[in-house]
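First comes the structure, then the notes that go with it.
The values are calculated or read from the model by the stated rules, or taken from the named source; none is laboratory data. All figures in this text were calculated on a predicted structure; none of them were measured in a lab. Every residue, glycine as well, gets a Cβ built from its backbone with ideal geometry; the counts of neighbours run over all protein chains shown.
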């Protein structure tokens with residue numbers, strides 16, 4: 001092996017990278033982006049989760065004329081940085097807030113809670129251990145686990161003021177996702193991530209190949225308009241995207257046996273719309289790539305924001321508040337939230353229309369921008 005010839009090849013490659021601004025940018029920006037996004041996103045905890053609270057406990061006057069309410073003490077010990085307490089007028093109102101998606105859980109403290117605690121402590125005949133009811137939305141298992149932990153800690157802190165009071169937390173009656181497993185939360189995110197990434201990459205590389213082969217130039221010289229070209233390619237890639245969506249949904253149901261409480265057809269329609277929006281974004285991004293190697297350079301800029309900001313693997317509620325607005329600028333956020341609403345909560349179109357509207361808007365915007373980009377390239 002000739003060392004001089006080997007070094008000459010190394011120098012030639014490095015000179016090529018030096019003069020390729022895209023490669024230089026990827027080499028510098030991508031690692032910084034990865035570290036900042038991972039560091040900031042995973043440094044956050046679940047915060048500002050709405051908790052509907054019905055506190056009906058009546059105060060009890062002790063022999064020393066001190067008035068106490070264990071129920072009020074429990075509410076007062078709730079960590080308000082994590083849970084945003086929303087007082088309501090009845091237990092039914094608290095549960096209704098969870099059913100409408102306005103709260104992630106309902107905390108219900110019965111009327112004679114403190115009296116029952118003292119009766120149980122005194123060993124009164126027939127006295128049972130008083131219970132606080134927590135009606136959870138388990139469609140997001142991470143958020144539900146955090147709510148349960150914070151409420152249990154608040155109960156523990158309140159009970160310590162009364163000694164070893166026999167109090168229990170009943171969270172057996174979930175509003176949504178009673179028997180949900182972690183896979184029921186995780187698989188919709190995997191499906192969303194796979195559809196978005198694969199559709200984007202197939203569209204970008206396919207469109208670049210059309211440009212390199214000269215097909216796009218020949219179409220540009222024909223009477224076809226830029227809009228017709230973009231829509232034609234868009235329809236073709238949409239068909240391929242729909243096939244991918246169908247395969248992913250079938251694998252999720254048959255292989256992983258995930259729970260689908262709502263309509264399978266509605267879940268497929270939402271995944272399909274995400275696929276259409278993704279291919280439209282792929283056509284738009286392909287305008288900035290002249291070779292397949294340049295197309296591959298888009299991967300980090302697609303993967304990192306989607307992976308960390310869209311709630312696919314990490315709840316949006318756990319993302320630092322200053323980054324949450326960016327989550328809603330990423331199309332997969334709407335898809336994964338909508339899918340969990342359909343598959344775990346069992347919601348219909350009347351509840352998840354906003355996800356369809358947002359993804360449809362993204363698709364229309366990307367198609368218009370792709371048409372404008374193609375018009376500029378033909379000038």
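Results, tabulated for the structure shown:
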item: Matching residues in segment 346-366 - criterion: being surrounded by 22 or more Cβ atoms within 10 Å (Cβ to Cβ) and at pLDDT below 90; result: 363, 366
item: Single residue of segment 300-319 satisfying the filter (modelled with pLDDT under 75 and within 8 Å of the chain's Cα centre (by Cα)) that is nearest to residue 207 (Cα to Cα); result: 313
item: Residue 168 being in contact (Cβ under 8 Å) with a residue 12 or more places away in the chain and touching a strand residue (DSSP E or B) at 6+ places or on another chain (Cβ under 8 Å); result: yes
item: Set 62, 51, 14, 83: member being modelled with pLDDT under 80 and in contact with a strand residue (DSSP E or B) (Cβ under 7 Å, 6 or more places away or on another chain); result: 62
item: Boolean, residue 236 is closer than 27 Å to residue 337 by Cβ and out of contact with any strand residue (DSSP E or B) (no Cβ under 6 Å at 6 or more places or on another chain); result: no
item: Matching entry among 57, 79 (being in a loop (DSSP other than H, G, I, E, B) and under 15 Å from residue 318 (Cβ atoms)); result: 79
item: Residue list for segment 60-76, filter: surrounded by fewer than 13 Cβ atoms within 10 Å (Cβ to Cβ) and in a loop (DSSP other than H, G, I, E, B); result: 62, 63, 64, 65, 66
item: Of all residues in segment 119-158 being over 27 Å from residue 80 (Cα atoms) and not in a loop (DSSP other than H, G, I, E, B), the one that is modelled with the highest pLDDT; result: 119
item: Segment 61-107, residues that are free of Cβ contacts under 8 Å to residues at least 24 places away in the same chain and on the phi > 0 side of the Ramachandran plot; result: 65
item: Test: residue in segment 278-299 that is modelled with pLDDT of 85 or more, under 18 Å from residue 354 (Cβ atoms) and in the same structural domain as residue 365 (by TED's automatic domain parsing); result: no
item: Subset of segment 254-264 (residues that are surrounded by 15 or more Cβ atoms within 10 Å (Cβ to Cβ) and either out of contact with any strand residue (DSSP E or B) (no Cβ under 9 Å at 6 or more places or on another chain) or not assigned by TED's automatic domain parsing to the domain that holds residue 189 (or both)); result: 258, 259, 260, 262, 263
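Residue-wise test of (1) surrounded by 22 or more Cβ atoms within 10 Å (Cβ to Cβ); (2) in contact (Cβ under 8 Å) with a residue 40 or more places away in the chain.
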residue	(1), (2)
154	no, yes
160	no, no
174	no, no
179	no, yes
185	yes, yes
189	no, yes
199	yes, yes
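For (1) touching a residue at least 12 places away in the same chain (Cβ under 8 Å); (2) under 22 Å from residue 364 (Cα atoms); (3) not in a helix (DSSP H, G or I), each residue gets a yes or a no:
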residue	(1), (2), (3)
230	yes, yes, no
240	yes, yes, no
251	no, no, no
257	no, no, yes
270	yes, yes, no
276	yes, yes, no
305	yes, yes, no
312	yes, no, yes
